[in-house]
Amino acid sequence: MANAWKRDKPTRLLSPKLLFLLFSFILILFFCFCFLFLTSRPSNPNPTLTALNARISFNAISPFDCTGSPQAHPVVANTVEGVRHPFMFSLSDFGTLPDKPHKNIVRMLKGKPFRKPDISVTVQEVLEKAKAEGRDGFFVDVGANVGMASFAASAMGFRVLAFEPVFENLQKICEGIYFNRVADLVTVFEAAASDRIGNITVHKLVGRLDNSAISATGAKMAFKSNEEIAFQVRTVPLDEVIPKSERVLLLKIDVQGWEYHVLKGASKLLSRKGSQAPYLIYEEDERLLQASNSTAKEIRDFLRSVGYHDCTQHGTDAHCIKKD
């Protein structure tokens with residue numbers, strides 16, 4: 001009979017995991033509300049199209065207008081850590097909410113800043129050196145994806161030309177432009193840089209914003225299980241966009257195997273003399289290059305023909321400079 005007087009243990013209605021997921025959901029709703037509130041206010045025309053373009057005429061293609069583009073929802077941004085010039089970055093992968101949020105969402109909820117990718121550090125180091133030498137000019141970001149390299153440069157006050165063909169990525173770039181207040185520095189083009197003006201088929205993977213490619217094989221190389229979608233995009237050579245009068249300090253190319261065609265379309269830019277030619281960073285992944293019917297040797301031979309004889313390997317990236 002003594003046990004009859006014992007009270008039952010209280011039932012735990014909310015487990016720690018459920019509390020975490022509930023908090024995650026509420027936080028995302030809060031960000032959505034804040035974004036909708038901010039974007040509902042009247043805004044001035046994009047300064048990118050007024051300030052920068054007042055000085056530079058882009059004849060071959062018009063810049064992408066962020067103010068006229070519908071934005072993605074929800075919008076969540078965080079700070080990139082460990083760089084000398086920090087910036088905000090719009091998260092592109094939310095994971096499977098609410099059951100399995102992406103690791104960067106989890107980091108943010110724990111109060112930790114966004115992990116830095118190496119490209120941000122590399123871009124800022126190269127541009128810091130140029131700044132110390134008193135050189136000014138553009139950073140050209142080909143295959144800008146969601147803007148990690150572009151914002152690393154614009155956070156330092158450098159002007160940026162970003163080329164990106166995937167609309168979902170352009171939305172994230174536009175969000176980053178708003179968060180970082182760099183509309184007067186970053187000009188975006190909805191196009192794939194190549195060696196001719198025209199159109200081409202690009203392949204992207206459902207659920208991934210970081211693996212679109214001209215080659216279907218290249219797009220699926222890292223994520224074979226994802227569904228693939230093909231769509232048409234505009235192509236434009238860099239030589240048709242970048243004015244001869246404008247200096248380019250750094251050219252970064254990451255286009256999943258299409259690098260050779262981008263470089264050929266920039267032959268005039270790359271043929272500039274000595275320090276007038278840009279510091280060049282491009283992805284040199286032999287598997288991706290072969291999927292697009294080119295090779296690392298073909299690229300190196302072309303670069304030597306325009307005066308780049310000094311290239312070093314940094315992982316899958318090649319860094320090339322032209323000495324005076």
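The values are calculated or read from the model by the stated rules, or taken from the named source; none is laboratory data. Small disclaimer: the values here were computed from a predicted structure and weren't measured. Positions of Cβ are backbone-derived with ideal geometry, glycine not excepted, and every protein chain shown enters the neighbour counts. Only protein heavy atoms, including side chains, enter the accessible area calculation; ligands, DNA and RNA are left aside. Shrake-Rupley method; radii C 1.70, N 1.55, O 1.52, S 1.80 Å.
Brief remarks follow.
- Prolate/oblate/rounded call for the range 66-321, Cα gyration tensor, a/c under 1.5 rounded: oblate
- Separation in nanometres of the label points that stand 7 Å from Cα toward Cβ, at residue 275 and residue 312: 1.9
- The local environment of residue 170, defined by Cβ-Cβ distances under 12 Å, has a net charge of -4 under the rule Lys, Arg +1 and Asp, Glu -1.
- Beta bridges from DSSP with both residues in the range 66-321: antiparallel share about 50 percent, rounded to the nearest 5.
- With each label modelled as a point 7 angstrom along the Cα→C-beta vector, the residue 167-residue 60 pair spans 2.4 nm.
- Extension gain from residue 319 to residue 135, taking 0.36 nm per residue of separation minus the Cα-Cα distance: 64.3 nm
- With each label modelled as a point 7 angstrom along the Cα→C-beta vector, the residue 71-residue 286 pair spans 4.5 nm.
- Here the accessible area is traced with a 1.4 Å probe on the protein chains. For the range 66-321, carbon and sulfur cover 50 percent of it.
- Separation of the alpha carbons by more than 18 angstrom is noted, of 244/268; 244/264; 129/264; 252/322; 129/252, for 129/264.
- Computed lengthening from residue 245 to residue 94, 0.36 nm per intervening residue step minus Cα-Cα distance: 50.2 nm
- Summing charges over neighbours of residue 103, with a neighbour being any other residue whose Cβ is under 12 Å away from its Cβ, gives +4 when K and R count +1 and D and E count -1.
- Where the range 66-321 is the region considered: accessible area per residue in Å², 1.4 Å probe: 42
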